[in-house]
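Here's the structure we're looking at; comments come further down.
The values are calculated or read from the model by the stated rules, or taken from the named source; none is laboratory data. Note that the structure is a prediction, hence the values are computed from the model and not measured. As a convention, Cβ positions derive from the backbone with ideal geometry for all residues, glycine included, and neighbour counts pool all protein chains shown. Each accessible area value is taken on the protein alone, full model and side chains, heavy atoms only, with ligands, DNA and RNA left out. Shrake-Rupley method; radii C 1.70, N 1.55, O 1.52, S 1.80 Å.
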Amino acid sequence: MAGIRVTKVDWQRSRNGAAHHTQEYPCPELVVRRGQSFSLTLELSRAPDCEETLIFMVETGPRASEALHTKAVFQTSELELGEGWTAAKEAQMENTLTISLASPPNAVIGRYLLSIRLSSHRKHSNRRLGEFVLLFNPWCAEDDVFLASEEERQEYVLNDSGIIFRGVEKHIRAQGWNYGQFEEDILNICLSILDRSPGHQNNPATDVSCRHDPIYVTRVISAMVNSNNDRGVVQGQWQGKYGGGTSPLHWRGSVAILQKWLKGRYKPVKYGQCWVFAGVMCTVLRCLGIATRVVSNFNSAHDTDQNLSVDKYVDSFGRTLEDLTEDSMWNFHVWNESWFARQDLGPSYNGWQVLDATPQEESEGVFQCGPASVTAIREGDVHLAHDGPFVFAEVNADYVTWLWHEDESRERVYSNTKKIGRCISTKAVGSNSRVDITDLYKYPEGSRKERQVYIKAVKRLFSLKASGRRTWIRRAGGRCLWHDDLLEPATKPSITGKFKLLEPPMLGHDLRLALCLANLTSRVQQVRVNLSGATILYTRKPVAEILHESHAVRLGRQEEKRIPITISYSKYKEDLTEDKKILLAAMCLVTKGEKLLVEKDITLEDFITIKRAHPGASGEGLSPV
């Protein structure tokens, strides 16, 4: 009898695509998800007899091996049995055979080669059937990325567009973003990102073998979306100068960025800021099958020294002293959350995990961040992998401002335990509205539990004993700082102050506002008010000074006074960045050495004039752009 061989393969893309929720991928090869069976039909040169066997082999990555779980050899059986790859006969009609293949729920994800060996009467026929792509499977209960809610799977895996929130705490803006994970070439690009990583370049076989683990894959992606260590996808730029590239504010989606990276032979795309990094990372992880969302944190701390405190140093006009100030508080910062189990930490920490592709601080020598369990952040378990202290500080650091004197002494003029981590936001499931998820990250500000968690985090981080005075010391400007001092409230001054806008801040117009001061005592107060203002980036980094003036103010008993302030358009127009932000500060020096610092962030609005003309009516209206 003549040997048997495969003459045709039908990958049943339509049937498999529908069953695996992969029908939107435009790839020429089949795309399926792990832990779930898929079917293919083989047309054979003749009908097989009972003594003939079909042996399948799947391989992924270079030097694939069974020891690394990047290769599997298995033969057909009547049932899908075993923990590894399986093949079972579904149906047979003469020389046509339908086979059901299944991968284990912890299989390595990526592009596979499928081969078959037909053995018959000591004759063997080998054939490469073709390639297919295997993804993570949020629909599979045994997969670490399993997400129980179908509504959430539709939103966080299959939705190819979304909303990213930006702005300031009291003026949050929504921007649409096209994730486009099902667009042409995007899946191939996402797999290329993994292959371009330093870990793959150094040891490709081992790297591929680790791709069964969402912890490993997401951490690699968080490093590769930025270009700092590895010719990754996006090059960051925060100086307001975008020559030779695209302003971060002009991107509206990930597809153009990823396609440009591919067409440019993996040259980093210029330029990105936090929401661009987060948008691209969301595309990549959704494309690979991990439920992912974009999260915005307002008043977000950048704690460079991991002391869980943002320490800002200012001069007598309230101007930030950049040489001394290493920490910062960004108006907003955007990162990602992905949903998966933490086999390394235990089931208590399963669920949403923080991942941040914005290159802020190195982690294990690389600009990467996460995954950090959101539950661990809320509970102050900052000792757990990965990057817990940095993420905890982003949402719950204490904010302290120090007045720096000429003799290099310092004086605390402002302390706030509630300022950092406000209005943590993400897009709602099934709609474009904003959902506040702050309570997932921390207990209510001002509550006893929140302070207990903060102190627990400090102890965890610095291995401090509960008894006795804690002696953690932080170096800053050559001085030492006792952490207990930060937990105690600063002495309240005898006056209060607040900036108040007198008219909406519109781009192209003078800025008019007032500093409102109030004497809280029954005695007369002499106050020296030093005012400063600067154009800033959204990271609150100063760009150029636009206000510098002093006033002597006499406040009678319980008296309130206003100091009018005008900043002309000509004064700020040359130094305003695309962020359109201005920071004002007033250092109020009160009799007897008391001090009050008042600050205000202002975002200028763009307006256009719309003229309406129709019979019997005329008029103009102002609309924000």
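Please find the FRET efficiency linking Val9 to Lys89, where r is the Cβ-Cβ separation and R0 is fixed at 22 Å, and quote it to the nearest 0.05. Write down the numbers at each step before the final one.
Numbers: r = 16 Å, r/R0 = 0.72.
Efficiency, from the Cβ-Cβ distance: 0.90.
Once the other residues with Cβ under 12 Å from the Cβ of Leu194 are scored (Lys, Arg +1; Asp, Glu -1), what is the net sum? Don't skip to the end; give the middle numbers.
On the way: positive: Arg111, Arg196, Arg211, Arg219; negative: Asp195, Asp207, Asp230.
Net charge around Leu194: +1.
Highest mean first, how do 575-582, 62-69, 34-41 rank when packing is the count of other Cβ atoms within 10 Å averaged over residues? Working shown, then result.
Values: 575-582: 18.9, 62-69: 14.4, 34-41: 20.4.
Order by mean packing, descending: 34-41, 575-582, 62-69.
If you average the alpha carbon positions of region 113-154 and of region 15-78, how far apart do those two centres end up, in angstrom?
Going from one Cα centre to the other spans 5 Å.
So how tilted is helix 186-195 from the main axis of the chain? Cα-based, degrees 0 to 90, rounded to 10.
Here the helix axis deviates by roughly 80 degrees.
Largest first, how would Ser161, Ser425, Ser348 line up by accessible area (1.4 Å probe)? Intermediate values should be presented prior to the final figure.
Working: Ser161 55, Ser425 0, Ser348 85 Å².
So, going from the largest accessible area down, we get Ser348, Ser161, Ser425.
Want the number for Asn106 to Ser550: 0.36 nm per residue separation, take away the alpha-carbon distance, what's left? The partial results should precede the final answer.
Working: separation 444, 0.36 × 444 = 159.84 nm, distance 6.63 nm.
Value of the extension gain: 153.2 nm.
With Cβ to Cβ distances under 10 Å as the rule, what net charge do the other residues near Pro104 carry (K, R +1; D, E -1)? Don't skip to the answer; put the middle values down first.
Numbers: positive: Arg34; negative: Glu83, Glu142, Asp143.
Summing Lys and Arg as +1 and Asp and Glu as -1 gives -2.
Expected output is a single nm value to one decimal: the length gained when fully extending between Ala514 and Gln175, i.e. 0.36 nm times separation in residues minus the C-alpha distance. What is it? Don't skip to the end; give the middle numbers.
Working: separation 339, 0.36 × 339 = 122.04 nm, distance 3.14 nm.
Residue separation times 0.36 nm, minus the Cα-Cα distance, leaves 118.9 nm.
Hey, could you pull the Cα Rg and Dmax for the chain, both in Å?
Looking at the chain, its Cα Rg and Dmax stand at 29.9, 113 Å.
Tell me, what is the percent relative contact order of the chain, built from C-alpha pairs under 8 Å that lie six or more residues apart? Walk me through the numbers before you get to the answer.
Working: 1479 pairs, mean separation 56.9, N = 625.
Once divided by the residue count of the chain, the mean separation gives 9 percent.
What's the ranking of 15-21, 125-131 by average number of surrounding C-beta atoms within 10 Å, highest first?
Working: 15-21: 18.1, 125-131: 14.6.
Ranking the peptides 15-21, 125-131 by packing returns 15-21, 125-131.
Say R0 is 60 Å: what FRET efficiency, to the nearest 0.05, do Thr566 and Glu142 get from their beta-carbon distance?
Step by step, r from the Cβ atoms, then E = 0.35.
Between 0 and 90 degrees, rounded to the nearest ten: what's the tilt of helix 274-288 against the longest Cα principal axis of the chain?
20 degrees
Please identify which residues in region 254-269 have an amide N closer than 12 Å to a label point set 7 Å out from the Cα of Gln201, following the Cα→Cβ vector.
Once the point is set 7 Å along Cα→Cβ of Gln201, 266-268 turn out to lie under 12 Å by backbone N, inside region 254-269.
With just the Cα atoms of region 203-284, tell me how far they stretch along each of the three principal axes, in Å, largest first.
The Cα atoms of region 203-284 stretch 41, 22, 22 Å along their principal axes.
Please list, in order along region 538-547, the HN-Hα scalar couplings obtained from phi with the Karplus expression 6.51 cos²θ - 1.76 cosθ + 1.60 (θ = phi - 60°), rounded to whole Hz, x for Gly and Pro.
For region 538-547, the Karplus curve yields 5, 7, 6, 6, x, 10, 8, 6, 10, 8 Hz.
Add +1 for every Lys or Arg and -1 for every Asp or Glu among the other residues with Cβ under 11 Å from the Cβ of Glu142, and state the total. Provide the component values of the computation, followed by the final result.
On the way: positive: Arg34; negative: Glu83, Asp143, Asp144.
Surrounding charge for Glu142 is -2.
For the chain, take the longest principal axis of its alpha carbons; what is the angle in degrees between that and the long axis of helix 448-462, to the nearest 10 within 0 to 90?
That works out to roughly 70 degrees.
First measure r as the distance between the Cβ atoms of Leu507 and Arg63, then evaluate 1/(1 + (r/R0)^6) with R0 = 60 Å and state the FRET efficiency to the nearest 0.05.
Numbers: r = 59 Å, r/R0 = 0.98.
With a Förster radius of 60 Å, E is 0.55.
Using a 1.4 Å probe on the protein heavy atoms only, what accessible surface does Asp185 show? Give it in Å² to the nearest 10.
Near enough 70 Å² of accessible area.
Where the centroid of each part is defined by its Cα atoms, how far is region 208-270 from region 188-204 in Å?
Computed from Cα coordinates, the inter-centre distance equals 13 Å.
Is region 252-373 rounded, prolate or oblate when judged by the Cα gyration tensor, a ≥ b ≥ c being the square roots of its eigenvalues, rounded requiring a/c under 1.5 and prolate requiring a/b larger than b/c? Please list the in-between numbers first.
On the way: a/c = 2.29, a/b = 1.35, b/c = 1.70.
Oblate, since a/c reaches 1.5 and b/c is not below a/b.
Express in nm, to one decimal, how much length is gained between His383 and Glu51 on full extension, taking 0.36 nm for each residue of separation and deducting their alpha carbon distance.
On the way: separation 332, 0.36 × 332 = 119.52 nm, distance 5.89 nm.
In short, 113.6 nm is gained.
For the chain, give the share of DSSP beta bridges that are antiparallel, in percent and rounded to the nearest 5; count only bridges with both residues there. Before the final figure, lay out the partial values.
On the way: 139 of 157 bridges.
Percent antiparallel among DSSP bridges in the chain is about 90.
Considering only Cα-Cα distances, which of the following residue pairs are longer than 25 Å: Lys449/Lys600; Lys419/Lys592; Lys241/Lys580; Lys312/Lys418? Don't skip to the answer; put the middle values down first.
Numbers: Lys449/Lys600 30 Å; Lys419/Lys592 28 Å; Lys241/Lys580 14 Å; Lys312/Lys418 16 Å.
Result: Lys449/Lys600; Lys419/Lys592 exceed 25 Å.
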